[in-house]
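The values are calculated or read from the model by the stated rules, or taken from the named source; none is laboratory data. Quick caveat: nothing in here was measured; it's all calculated off a predicted structure. Methodologically, a virtual Cβ is constructed for each residue, glycine included, from the backbone with ideal geometry; neighbour enumeration extends over all protein chains shown. What goes into the accessible areas is simple: the full protein's heavy atoms, side chains included, and nothing from ligands, DNA or RNA. Shrake-Rupley method; radii C 1.70, N 1.55, O 1.52, S 1.80 Å.
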Amino acid sequence: MRRFSPLQRGNLMAVYHLIEAKNYEEAKEVVEDMIKDDETSQWARTWHARGVLYQTAYQEGIRQNDKKKYELYPNQLYVAFSSYETARRLDNGRRMNRQLAPRYAQLANEFQKKGERHFNNENYREAFRAFEQAIRINESQVLSLTPDNDLVYNTALAAYESNLKDKALEYLNQLDTSNYAPNVSHLLFTIHIENDDIEAAELALMEGIGKYEDNEVLVMLLVELLYEKDNIDAAIAMLDNAASQNPEESSFLYTKGLIYQKTEQYNKAIEAYKQAVKLAPDDLIIYLNLATCYYNLGVGIEEKAISLESNRRVMEQRTKSAAAFTSAGQWLDRAWDKSPSDPAQLLKMYQLYRALGSNDKARAVQRRFN
């Protein structure tokens, strides 16, 4: 066993006493001289004392909002941890690890809080650095703790915001195996889309929907992706399945109607919207979309009638178009009865009433709009 000289022991004890007396500046001078010395720099206790100094000063400085204490040394909290790690390298016995365990637990907690402060200040790169350091401390031989999923998710989020996508994927995939939350699948999807990996994005959503019981957000994202891929049948099938699993939820039926409307399948869109409006009778946009679909259906019928040569068939088609326009007006009136105030919705109503030739009603909408 290495024996300290009385002077060396005195210097080491002085550091601890100075820390206890909160004389951090003087303690810093002594311990920094010791780590520069050829002999005392090889003592585990020297590095242990250095770590205790910087950790203690940091924690007190944060509590007291005293910058002189928590910035006693550049990157002070990181220096405290590296000092402890050096102490462990020089003395990796059980006693040293037992002494360091409570300090490591405190350090991990401080790094996590440091990461949260950086994240809230939108300093995402430093937030990621601090969060990841907290993970490494928790996983170190001293603590060997089970990963904190909340911390892992925050680390992934900070990595993503820092454009460190590979790191974000690393932590998200770790969370994905433990079924942490639908947000994991959502963020995995987002990163894969940004990386132009459509297959991986679709797979992330499919797996997420399976894990999280037809989560509405994930279903809608997948439906949108399938629609953009022009895989309409798969999108509709996904919505039908979600609607059957959630019979009281109108959004799946509404989105089904929206897809049919966008693909100009107006009769199918109308059928879906009518089912949706039964579940959400106060949702004004459904009434507007029904009015729009009926109007577009009437226009389409009239356009086809132009090419017909039989007067009888022309009249039949015009009767159908008139019925469609009448239905459009009825659904528009029901939307108006909801007392809309949104400018975009009012503009849509104004345009539809004008297109239907209901000028008095169009002017009424215009007055509210103005």
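Looking only at residues in segment 237-252 that are in contact (Cβ under 8 Å) with a residue 24 or more places away in the chain and assigned to a loop (DSSP other than H, G, I, E, B), which one is surrounded by the most Cβ atoms within 10 Å (Cβ to Cβ)? In this case the residue turns out to be S250. Looking across L175, L143, one residue alone is outside any helix (DSSP H, G or I), closer than 22 Å to E116 by Cβ and out of contact with any Cys (no Cβ under 8 Å at 6 or more places or on another chain). It is L143. Residues in segment 278-300 that are farther than 13 Å from P340 by Cβ and either of a type in the set (G, A, S) or touching a residue at least 60 places away in the same chain (Cβ under 8 Å) (or both): A280, T292, Y295, G298, G300. Hey, could you check segment 155-164 for residues that are assigned to a loop (DSSP other than H, G, I, E, B) and touching a Phe, Trp or Tyr at 6+ places or on another chain (Cβ under 8 Å) and say which is most open to solvent (accessible area, probe 1.4 Å)? Filtering segment 155-164 for residues that are assigned to a loop (DSSP other than H, G, I, E, B) and touching a Phe, Trp or Tyr at 6+ places or on another chain (Cβ under 8 Å), the one most open to solvent (accessible area, probe 1.4 Å) comes out as L164.
Take Y260 and tell me if it is in a helix (DSSP H, G or I) and of a type outside the set (V, I, T). For Y260, the condition - in a helix (DSSP H, G or I) and of a type outside the set (V, I, T) - is met.
The residue that is least open to solvent (accessible area, probe 1.4 Å), among those in segment 191-215 that are more than 17 Å from the chain's Cα centre (by Cα) and of a type in the set (A, V, I, L, M), is A200. In this structure, L218 does not qualify as without any contact (Cβ under 8 Å) to a residue 60 or more places away in the chain, buried (at least 17 other Cβ atoms within 10 Å of the Cβ), over 30 Å from P343 (Cα atoms) and within 24 Å of the chain's Cα centre (by Cα).
Conditions tested, residue by residue: (1) closer than 26 Å to K22 by Cα; (2) in contact (Cβ under 8 Å) with a residue 24 or more places away in the chain; (3) open to solvent by 30 Å² or more (accessible area, probe 1.4 Å); (4) touching a Ser or Thr at 6+ places or on another chain (Cβ under 7 Å).
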{"residue": "Y78", "(1), (2), (3), (4)": "yes, yes, no, no"}
{"residue": "Y84", "(1), (2), (3), (4)": "yes, yes, no, no"}
{"residue": "L100", "(1), (2), (3), (4)": "yes, yes, no, no"}
{"residue": "L107", "(1), (2), (3), (4)": "yes, yes, no, no"}
{"residue": "R129", "(1), (2), (3), (4)": "no, no, yes, no"}
{"residue": "Q133", "(1), (2), (3), (4)": "no, yes, no, no"}
{"residue": "S140", "(1), (2), (3), (4)": "no, yes, no, no"}
{"residue": "Y153", "(1), (2), (3), (4)": "no, yes, yes, no"}
{"residue": "F189", "(1), (2), (3), (4)": "no, yes, no, no"}
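Within segment 282-292, the set of residues being open to solvent by less than 50 Å² (accessible area, probe 1.4 Å) and either within 35 Å of the chain's Cα centre (by Cα) or basic (K, R) (or both) comprises L284, I286, Y287, L288, N289, L290, T292. Taken over segment 353-363, the residue count meeting the criterion of being of a type in the set (A, V, I, L, M) and either outside any helix (DSSP H, G or I) or under 38 Å from the mean Cα position of the chain (by Cα) (or both) is 1.
Can you find a residue in segment 83-101 that is among the aliphatic types (A, V, I, L, M) and under 32 Å from the mean Cα position of the chain (by Cα)?
Scanning segment 83-101 turns up no residue that is among the aliphatic types (A, V, I, L, M) and under 32 Å from the mean Cα position of the chain (by Cα).
Check whether at least one residue in segment 356-370 is within 18 Å of Y266 (Cα to Cα) and at pLDDT below 90, and report yes or no. So far as segment 356-370 goes, no, none of its residues is within 18 Å of Y266 (Cα to Cα) and at pLDDT below 90. Annotation note: of L258, L279, L297, L346, the sole residue that is surrounded by 15 or more Cβ atoms within 10 Å (Cβ to Cβ), under 30 Å from L239 (Cα atoms) and touching a Pro at 6+ places or on another chain (Cβ under 7 Å) is L346. Determine whether segment 17-33 contains at least one residue that is open to solvent by 10 Å² or more (accessible area, probe 1.4 Å), at pLDDT 95 or above, among the β-branched types (V, I, T) and within 20 Å of I137 (Cβ to Cβ). The answer is no, given that none of the residues of segment 17-33 is open to solvent by 10 Å² or more (accessible area, probe 1.4 Å), at pLDDT 95 or above, among the β-branched types (V, I, T) and within 20 Å of I137 (Cβ to Cβ). Being in contact (Cβ under 8 Å) with a residue 40 or more places away in the chain, assigned to a helix (DSSP H, G or I) and surrounded by fewer than 19 Cβ atoms within 10 Å (Cβ to Cβ), is that true of even one residue in segment 54-62? Looking for residues that are in contact (Cβ under 8 Å) with a residue 40 or more places away in the chain, assigned to a helix (DSSP H, G or I) and surrounded by fewer than 19 Cβ atoms within 10 Å (Cβ to Cβ), one finds at least one in segment 54-62, hence yes.
Regarding R334, is this residue surrounded by fewer than 18 Cβ atoms within 10 Å (Cβ to Cβ) and touching a residue at least 40 places away in the same chain (Cβ under 8 Å)?
Taking the combined requirement at face value, the residue satisfies it.
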